[in-house]
Amino acid sequence: MLNKFISNFRNKNFKRWFWQSVIGLLVLQSGLCMVIESAFLKHGDNVETWQWMLAGTISLSVFYAGVSLTVDGIRYRIKWQEEKS
């Protein structure tokens with residue numbers, strides 16, 4: 001199984017899919033955690049409106065960047081599978 005992975009890793013589309021999907025999922029999950037933290041800030045005591053709005057905007061941007069990376073990674077997976085068959 002490891003030999004098959006290593007041989008696939010020589011393909012540029014496989015490599016791009018692998019790294020972009022992994023990084024995309026990590027960024028997506030981080031953004032989701034940040035969104036939840038922003039919601040806690042909103043309902044916290046002594047928090048200005050601009051603080052939780054800024055935190056929410058940044059966290060949604062991070063979340064959507066993760067979605068974008070993951071979906072773009074799927075494009076390279078499809079290219080790799082087309083080359084393989």
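Data overview
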quantity	calculated
Mean ellipticity per residue at 222 nm, deg cm²/dmol - from DSSP H runs of n ≥ 4 across the chain, formula -39500 (n - 2.57)	-31500 deg cm²/dmol
Candidates per trypsin sites (Lys or Arg not before Pro) in segment 1-59, loop by DSSP, up to 12 other Cβ within 10 Å	Arg10
Helix 49-84 axis, angle to the chain major axis (alpha carbon atoms, nearest 10°)	10
Highest-fluctuation residue, Phe40, Phe14, Phe63 considered, GNM on the chain with Cα pairs under 10 Å	Phe40
Helix axis angle, 12-42 relative to the chain longest principal axis, alpha carbon, degrees	10
Spin-label zone in segment 49-71 - amide nitrogen under 15 Å from a point set 7 Å from the Cα of Gln29 along the C-beta vector	63, 66-67, 70
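All of the numbers you see were taken from the coordinates with simple rules; none came from a lab. If you're wondering where the values come from, they're calculated on a predicted model, not measured in any experiment. Neighbour counts are summed over all protein chains in view; Cβ atoms, including those assigned to glycine, are modelled from backbone coordinates with ideal geometry.
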